[in-house]
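Just below is one structure, and these are the notes that go with it.
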Amino acid sequence: MDNKVTKKRINDHLEYDWFWYLIILIVSVLLCWFVFSQINRTRDYEDINFFVSCYDAGDNGFEARIKREMASDSYRLAGTDKYGENVLRSITFETQDPLGKEYATLLQTHGMVSSDILIVGEKYFMQNSAQNFLELTDELLTQYLLPEGLTVDDLQYFTVESEGAVKRYGIKVSDFSRLPFTMNWRSVESYKTQYAESPEEEQPDDTFYLIFNPSSVNIGKFGRKSKAQNAQALYTVSRFIAYYR
């Protein structure tokens, strides 16, 4: 059998079968793109999302500050065993005016679905079951959330009495003195006029609480879906309290 490779045979082969080489090239490019996109994809536990209800907001620089701390020796020495490795790629704040037309929809879709941490008004708690959110147990507060020097009694909470016990579900943040968010509608000119004469029960919220989405994958052993070694959201809240209280 003559298997000798000649220039004529190569030309004939390419003339009739060139499209197979084109298909192989396209498939190879797509496979490489898929592999590298998966390698570089941000996993759920590498991204922390805040959904913040506020009447006005400025640039808080929170992400850069947290990332600097998590890259420091102090975090590696004190935080790794408790909060997990420094794997965060981004920390995002989505600020939404609770009086905005799309607020209710965004709260349900962005807030309760894709956010790890939320700040919501007191009326939202009154209209929904607090048990839908993560309970702030003594262990969670004292071992993970409270910055050094603070005790449980130093903060205020949204509480519910259940089965003879008082349970905490939200940390009151609207009275924090250094917040980069405006949570008092009386400080916003357009609302001062609009609601000045409204009855108390019709006035907007000015009391807001920080809560955890129990479906977050960043809250360690306390979440429904998270692993014990992924508790980075708890660290960010601890620093949030330390920075802004």
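Bear in mind that the values in this text are calculations on the coordinates, not laboratory data. This is a predicted model, so every value here is computed, not measured. Positions of Cβ are backbone-derived with ideal geometry, glycine not excepted, and every protein chain shown enters the neighbour counts.
Once C-alpha pairs closer than 8 Å and six or more residues apart are averaged by separation and normalised to the residue number of the range 44-244, the relative contact order reads 29 percent. For the range 96-178, trypsin sites (Lys or Arg not before Pro) are listed when DSSP marks them as loop and at most 16 other Cβ atoms sit within 10 Å of their Cβ; the list is Lys101, Arg178.
Here each label is just a point 7 Å from Cα along the line to Cβ, and for Lys67 and Gln143 those points are 3.1 nm apart.
At full extension, Asp175 and Asn132 could sit 13.1 nm farther apart than now, given 0.36 nm per residue minus the alpha carbon distance. The phi-based Karplus calculation (6.51 cos²θ - 1.76 cosθ + 1.60; θ = phi - 60°) puts the 3J(HN,Hα) values of the range 211-222 at 9, 10, 6, x, 8, 4, 9, 10, 10, x, 5, 7 Hz, whole numbers, x for Gly and Pro.
Phi angles of the range 227-240 translate, via the Karplus equation with coefficients 6.51, -1.76, 1.60 and θ = phi - 60°, into HN-Hα couplings of 8, 4, 7, 10, 10, 5, 5, 5, 5, 4, 5, 4, 6, 4 Hz per residue; Gly and Pro are given as x. Annotation: extensible slack from Ser90 through Ala196 equals 34.2 nm (criterion: 0.36 nm per residue apart, minus Cα-Cα distance). Working from label points 7 Å from Cα in the Cα-to-Cβ sense, the Arg245 to Lys167 distance is 2.4 nm.
With 25 Å as the limit, the listed pairs Lys101/Lys221; Lys172/Lys192; Lys172/Lys227; Lys101/Lys123 have Lys101/Lys221; Lys172/Lys227 beyond it between alpha carbons. Seen from a random direction on average, the alpha-carbon convex hull of the range 44-244 projects onto 11.7 square nanometres.
For Gln203 and Gln108, compute 0.36 nm times the residue count separating them, minus their Cα-Cα distance, and round to one decimal in nm.
Computed gain between Gln203 and Gln108 is 32.0 nm.
Under a point spin-label approximation (7 Å from Cα along Cα-to-Cβ), what is the Asp154-Lys82 distance to one decimal in nm? Inter-label distance under the simple model: 1.3 nm. In this structure the amide hydrogen of Gly170, modeled in the peptide plane, comes within under 5 Å of the amide hydrogens of Phe158, none closer than 5 places in sequence on its chain.
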